[in-house]
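Notes for the one structure printed next.
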Amino acid sequence: MLAYLPRPPTDTSRYGTFPQKPELPAAPGAMAEDRQQQASAAAAKRSALMPNYPSPPRRGGIVAGEPSLPPSRGSMAAQHHSRDPSRCPPAARRYPLHALSVPNIPSSARSKTPARSAAAAVPALEGLQSRRCKLLEEDGPVVQANKRQRQRYVTKVGKCQVNLGNIQEKKRFLSDIFTTIVDLKYRWFLFVFMMCYIVTWVVFGTVYFFDAWARGDVGHRGDPEWRACIENVDGFVSALLFSVESQRTIGYGTRMVTANCAEGVILLMAQSIVGSMIDALMVGCMFVKISRPKKRAQTLIFSKNCVVSRRDEKLCLMFRVGDLRDSHMVDAKIRAKLIKSRQTAEGEFIPLEQSELNLGYDTGEDRLFLVEPQIICHVINRRSPFWDMSAESLRREQFEIIIILEGIVEATGDHCLATGMTCQARTSYTEDEILWGYRFEPCMSLEKGAFQVDYSRFEMTFEVQTPAASAKELHELKELERQEHSTLSLYWDHLLQPCAP
């Protein structure tokens, strides 16, 4: 549970604070000055908040103090200079899984030295960058060791890593013996299957032998005038063979129960009833265990990584699911859980708290027609736990996203969905498996009058231009721009009004 402890909060002071709603100006001159100051401050905050995101298009004229041209390719390349794989090895670009796993490394971006000229600052930045890469290369094995020590709640193949212990009332498992036997592993299931038959054969064979020995059938072996209870049973081995032949209804004809003793008839009836009950139980368990749709989940695949990018002007968390079989899942549903530890306002620590991620259950988008790979989208809004999480703070968090896909196996159900068996596939994503600013590549095309799915492109992603700020900061920035636009409209309306005589 210590792996899911929250990390220290991210330093968001570099984003600055958002100004309050501006008041209406009293005079045109004062309004113009205030407008220029607000425009310059907003442009500075916008550039600090979203360094790799272009400014929105202008609807009106050119305003003094606001840049109207988008950043050039050179500036974009300089901004993404830190993500160049030629500069640092792949291990150096990963953050540690715990805040205390590696020592803090000073960053050149946080230095508070006075600004210098670009020509003098470039060698110093390159020296700091090379030293930082060297330090990260030295700490790489530590980071990899901590990554290996990270304990998942659910593995990538869907196995829950939770072991139940110190169970006092074990008799609860015997009350549901059918489910207990079905849940056993195959080696233990086959062992129980064989022992049920072997024990009953030996028990009834022993009873038959003692009955023959008590009546004297063993001592009068070969006597034609002796009226035996069980014919041709003259030892334990012959009694055991008679038990097997009676329970399995083989009937070779050499050993049989006669009407000379009532106890032999009663034993034969009891063995027939017990054998029928064992057959019904064990054959039923074997049939259910073989026909369970648990293995159907092996052909339901998930993407190895999640991506975060903008879709319809909203920041979204997305992953891809697919079905490898031609027989489709009926009434497929998908849901997601966020596993994260937190501390309440009263000081209570909640380990591994589960919270729901909305995948469209209010709009019906969580019900899938899974005939081709689909990209599942979680919109990061006010109700999302990722509302105030940016690209920087995402790497410093400790959480796990559990994905659960459920559906009815088409081969086991009819059209009315009355007898179908439910299949469940699971996977998980940690914070290191979320790619910020990426999008999945299309894997379906139209060929020869049919849609062709190329599963070799199922995991492929490509980088897109995405702001590094959180959804909350983007919403506040949009509100700020809306207020600026409304203030500018009021300003021009005031200037265009005719002067009163």
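The values are calculated or read from the model by the stated rules, or taken from the named source; none is laboratory data. If you're wondering where the values come from, they're calculated on a predicted model, not measured in any experiment. Reconstructed Cβ throughout: ideal geometry from the backbone, glycine too, with neighbour counts over all protein chains shown. Surface accessibility is based on the protein's heavy atoms, side chains included, excluding ligands, DNA and RNA. Shrake-Rupley method; radii C 1.70, N 1.55, O 1.52, S 1.80 Å.
Here are some notes:
- Just one of the listed residues (Leu300, Leu317) is over 30 Å from Ala468 (Cα atoms), modelled with pLDDT of 90 or more and within 18 Å of the chain's Cα centre (by Cα), namely Leu300.
- Residues in the stretch 148-171 that are at pLDDT 85 or above and outside any loop (DSSP other than H, G, I, E, B): 2 in all.
- Long-range neighbours under 7 Å by Cβ, at least six apart or interchain, first residue closer than 15 Å to Val288 by Cβ within the stretch 165-192, second among the aromatic types (Phe, Trp, Tyr) and assigned to a helix (DSSP H, G or I): Thr180/Phe173; Ile181/Phe189
- Some residue of the stretch 198-210 being of a type in the set (Ser, Thr, Tyr), in contact (Cβ under 8 Å) with a residue 60 or more places away in the chain, surrounded by 12 or more Cβ atoms within 10 Å (Cβ to Cβ) and touching a strand residue (DSSP E or B) at 6+ places or on another chain (Cβ under 6 Å): no
- The residues on offer are Lys340, Lys294, Lys289, and the sole one that is basic (Lys, Arg) and exposed (fewer than 15 other Cβ atoms within 10 Å of the Cβ) is Lys294.
- Residues that are of a type in the set (D, E, K, R), within 18 Å of the chain's Cα centre (by Cα) and in a strand (DSSP E or B) within the stretch 337-382 comprise Lys337, Lys340, Glu353, Glu356, Arg367, listed in sequence order.
- Extreme residue, surrounded by the fewest Cβ atoms within 10 Å (Cβ to Cβ), among residues of the stretch 244-256 that are hydroxyl-bearing (Ser, Thr, Tyr) and assigned to a loop (DSSP other than H, G, I, E, B): Thr249
- Residue list for the stretch 297-336, restricted to those being open to solvent by 40 Å² or more (accessible area, probe 1.4 Å) and part of a helix (DSSP H, G or I): Gln298
- Among the residues of the stretch 359-386, those that are over 27 Å from Thr299 (Cβ atoms) and open to solvent by 40 Å² or more (accessible area, probe 1.4 Å) comprise Asp362, Thr363, Val379, Asn381, Arg382, Arg383, Pro385.
- Qualifying residue in the stretch 157-172 (condition: under 30 Å from Asp432 (Cα atoms), touching a helix residue (DSSP H, G or I) at 6+ places or on another chain (Cβ under 9 Å) and not assigned by the TED database to the domain that holds Met282): yes
- The set of residues from the stretch 217-231 being surrounded by 15 or more Cβ atoms within 10 Å (Cβ to Cβ) and acidic (Asp, Glu) comprises Asp217, Glu231.
- Evaluated against (1) free of Cβ contacts under 8 Å to residues at least 60 places away in the same chain; (2) within 21 Å of Ser276 (Cβ to Cβ); (3) open to solvent by less than 40 Å² (accessible area, probe 1.4 Å), Leu241 falls short on exactly one condition, (3).
- Flag if Phe191 is farther than 30 Å from Asn232 by Cα and not charged (D, E, K, R): yes
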